[in-house]
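Student: I'd like to ask some things about the structure below.
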Amino acid sequence: MSNNFETKKFYFQEIDQLIEFTNCINKGKYDKYEIKIRTRDTSNQAGKATTLGDFLESVLVVNNYPHTVGYFKESAGEGSNFNPEYLALRKICTIEEFWIFLNASNL
């Protein structure tokens with residue numbers, strides 16, 4: 001993803017998954033949005049590309065509810081020093097609650 005556009009990032013704390021996407025390339029339904037997935041240890045790498053729907057329906061996500069999810073734009077540090085400055089932090093128990101969180105984040 002290009003750094004020329006504003007990116008929005010969400011960190012699923014319990015499963016150590018960062019998802020990132022830009023406003024410029026995603027339109028339509030959230031489940032079709034293209035995202036990049038990383039862990040804290042790979043936060044400085046390009047990340048694995050997938051859709052938001054595929055990520056949220058993955059066994060890793062589905063089998064580990066509830067999730068503490070933090071929304072942020074920039075983070076300080078990588079790996080064990082990963083320390084994002086959250087703009088919002090929520091506990092989510094369903095995919096629907098995550099859609100509400102995205103709406104509240106003006107995605």
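A short reminder: the numbers here are calculations on the coordinates, not readings from a lab. The shown structure was predicted, so the numbers you read here are calculated from the model rather than taken from an experiment. With ideal geometry, Cβ positions are generated from the backbone for all residues, glycine too; neighbour counts draw on all protein chains shown.
Student: Mind giving me the nanometre distance, one decimal, between the label points for Asn63 and Cys93, set 7 Å out from Cα along Cα→Cβ?
Tutor: Placing both labels 7 Å along Cα→Cβ, they lie 2.2 nm apart.
Student: What's the ranking of 11-19, 58-66 by average number of surrounding C-beta atoms within 10 Å, highest first? Before the final figure, lay out the partial values.
Tutor: On the way: 11-19: 17.7, 58-66: 12.0.
By packing density, highest mean first, the sequence is 11-19, 58-66.
Student: When a/c is below 1.5 the answer is rounded, else prolate if a/b is larger than b/c, else oblate, so apply that to segment 7-104 with a ≥ b ≥ c taken from the square roots of the Cα gyration tensor eigenvalues.
Tutor: Details: a/c = 1.37, a/b = 1.19, b/c = 1.15.
It comes out rounded by the Cα gyration axes.
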